Every structure is written in structure tokens, then in C-alpha cells.
């Protein structure tokens, strides 16, 4: 939970200004979704490394290495912006994505030692800690911008200074304090129960549920990243300042993490499939409000982004719990890493496509398409429920 507070600040700070930094350096709106795509592709690559390292060496090693890489990428973005180097910016954003992947994979650590009937709440306990840092990060955009000014580097590089410090601190805290390792401990307990002849409560291996859990998280990630990436640019084009964009992103990130205890309770109380379906309906509402909100209304845009975060939260917690229910301990971390690759690639696709859609049509069109696409979750849930 402590590292999630820190990593949340690193994650949200970069998300807030990434597209704006690219637009400034590239002088092109159509490519402003590229930073989101790059650090999401980097997140996909890191998800494989973190998953495999966790499988072999435990969560402590895998997560610490991932956060350290995120810190290195953040430093690279600052140097690239100061030097005006677009190739270094792209490379650094790719490495910066390691922090995003690690922040997400930490949720699995919460489920490693949880009983099946409490897994939703266990996952949510880890996720909710991200709220503190992820809400603080965007609201420090102005302050970090002033810090960047004092160092004679572009203002938009300021949040990445915060990200570098936050990710490095998260890596240090995990490396020193995550003892005993939850995944290694869970395996040891399972082995002892097996040797004593007791029944080991493990995953049920239902492939239909595995596919559904992965699909829900992939779809909600794609939709969330697409709308989120273009919202600061949409606001800037309509006269909002950087502080207003930071506030809206803070509301969005709060919606992503703050409702986690409520979502976890719903998952354990009413079932994984019910909450998965609710994610699709919530994302549809977010897309429609974003599309039809007056461009000058910070309040309505913030409402839309808050619902966007909530829909993502429903999808992530229900999907994560389904995966933890389904995948056996022997292959759990590796499989989780592979699924997070698909999630990251979906986010990369959403980030890249969002800039092109807005450049050729409008932000409203992007929001409507994304909201309607979210409804695909409902037939998938219905089909799995009948299986």
C-alpha cells in the first residue's frame, strides 16, 4: 500500500502532461496520442519481465525492478525535453511505461494470500492506496512546472521529475519492506497443505472465465486510455488552463482508485460477472457525458472522467479477481504478466488511435465510439454465465 501511494504519483503526473509535451515537441495534434501509446507499449514489455521475475523470484524482486525502470524512464523524459531530443523522448517514454505495468501488477500481490471469498476486497485494498498519490500527482503539475522553470527546462517536464522521485522511492520501499514475499509464502502454504493431505484451495481452471477476465480488462483499458489521453488536449483547445486539466485528471484518477473498497465489496457480495457488466454500462455513461458536455464546462468534463475511472475500476477489480480465481499458483504470476501485456497493448492502441480520431473527426466522436464499444462487455458476461 505504501508503494502504491508513491507509484500513483509517478503514474498520474506523467499521464497528465504526456500528450501535451508531445504536442509541444512535435507541433502536431495528430501525434499527441503517441506518448500514451509508447509508455503503454513499454508497459506491455515490462509486464512480461515483471511477471516472469515474480514467478521465479517472488513479487518483491519483480515489482522492485519494474519501479526502478520507471524511474530511469522518467529521468530520460526530463533530459529529452531539456535537450529537445524527440528520439530520446520516445525511448524514455517506452521505459517510463515500466512504472505503469508495475503499478498494475502490484494488485495481484494483494490476492496471493487472500481466501477466495475475500479476493475482491484484497485486490481493492492495494488499489485504493494508489488514490493518494494519483490524485496528488496531477494537482502538483503547476508546482512541478515552476520547479522545471527554476532548473531552466520546459515546464511540461516538471511532472516527470516527480515521477522519477516517486518511482525510485517505491522501488526502495518494496525492496526493503516486502518481507515475507506474498507469492512465495502462498506457494509454501499450498505445498504444506498438499503434503498434509488437506485440500488446497486453488484456482478452478475454467478457461471461459479466464478469457472473460482478460477480455473485460483489455476492453476497459482501451476505452479508458482513449478518452483520457485526449481530454487534456480537448480542454486546452477550448481555453482551459493546465491547472484545470490537472484537476480533471485528478478526478479521473480518483475515480480509477478511490472506489476500490466499494468495488471489491460488490465483487465479493454480488459476484464477479455482475460487476464486470456494470463496468460496461458505466463506461457508456462516461462516453456520452464526455461527448455532449459543453466544452467550457470543467464540472461536466470532470464528471465524465470520474465515471470513466469508475468503469475502469469495476472492470479491473472484477477481471483481476476472475483471473486470480482461475489461474493456479504454479503459473499465476507468469499468466498474470501475459494478460497485462494484452491490457497494455490495448491501452497503446487506444492512445494511438485517439489522436488520429480526434484529428480527423472530433473529441465527441471519440467519446461516443468508446462508450458504445464498452457495451461489448455485457454479451461476453452473459455468454460466460451460461457456460
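Where a number appears in this text, it was derived from the coordinates with a stated rule and is not lab data. These figures come from a predicted structure and were not determined experimentally. Note that each Cβ is placed from the backbone with ideal geometry, even for glycine, and that neighbours are counted across all protein chains shown.
With springs connecting C-alpha atoms under 10 Å apart, model the chain as a Gaussian network and identify which of 82, 163, 111 has the largest mean-square fluctuation.
82
Report the FRET efficiency, 1/(1 + (r/R0)^6), for residue 27 and residue 149, where r is their Cβ-Cβ distance and R0 is 25 Å, rounded to 0.05.
Given R0 = 25 Å and the Cβ-Cβ separation, E is 0.75.
Report the residue, chosen from 155, 207, 119, that carries the largest GNM mean-square fluctuation when the chain is represented by alpha-carbon nodes joined by springs under 10 Å.
207
Any idea what the relative contact order of the chain is, in percent, if you count C-alpha pairs under 8 Å spaced at least 6 apart?
Details: 826 pairs, mean separation 105.7, N = 387.
The value is 27 percent.
Sticking with the crude label model, points 7 Å out along Cα→Cβ, report the distance from residue 194 to residue 375 in nm, one decimal please.
With each label point 7 Å from Cα toward Cβ, the separation is 4.7 nm.
Running a GNM on the chain with Cα contacts under 10 Å, which residue among 90, 262, 270 ends up with the highest mean-square fluctuation?
Of 90, 262, 270, the Gaussian network model singles out 270 as fluctuating most.
Cα axis of helix 272-292 to longest principal axis of the chain: angle in degrees, 0 to 90, nearest 10?
10
Taking the structure as given and computing Cα Rg over 2.2 N^0.38 Å, which label from (1) 1.05; (2) 0.98; (3) 0.93 fits?
The calculated read-out lines up with (3).
If neighbour count is taken as other Cβ atoms inside 10 Å, put 240, 296, 234, 252 in order from fewest to most.
Working: 240 20, 296 11, 234 23, 252 30.
Ranked by crowding around the Cβ, least crowded first: 296, 240, 234, 252.
Would you mind pulling out the separation of the Cα centroids of segment 167-191 and segment 277-319, in Å?
Here the answer is 34 Å between Cα centres.
Tell me the angle of helix 2-26 to the major Cα principal axis of the chain, expressed in degrees between 0 and 90 and rounded to the nearest ten.
Taking the Cα atoms of the chain, the angle to 2-26 is about 40 degrees.
Quote the relative contact order of segment 85-211 in percent (integer), defining contacts as alpha-carbon pairs under 8 Å separated by 6+ residues. Don't jump to the answer; show the numbers that get you there.
Values: 57 pairs, mean separation 23.0, N = 127.
Here the relative contact order equals 18 percent.
Using helices alone, I'd like the mean residue ellipticity at 222 nm for the chain: each DSSP H run of four-plus residues gives -39500 (n - 2.57), total over residue count, nearest 500. Spell out each step's value before the answer.
Numbers: 16 runs with 324 residues, N = 387.
Estimated from H runs of four or more residues: -29000 deg cm²/dmol.
Mind checking the angle between helix 34-57 and the chain's longest principal axis? C-alpha axes, 0 to 90 degrees, to the nearest 10.
20
Using every alpha carbon pair in segment 300-387, what percent of pairs falls into each 5 Å bin from 0 up to the bin containing the largest distance?
3, 10, 15, 22, 20, 14, 9, 5, 2, 0
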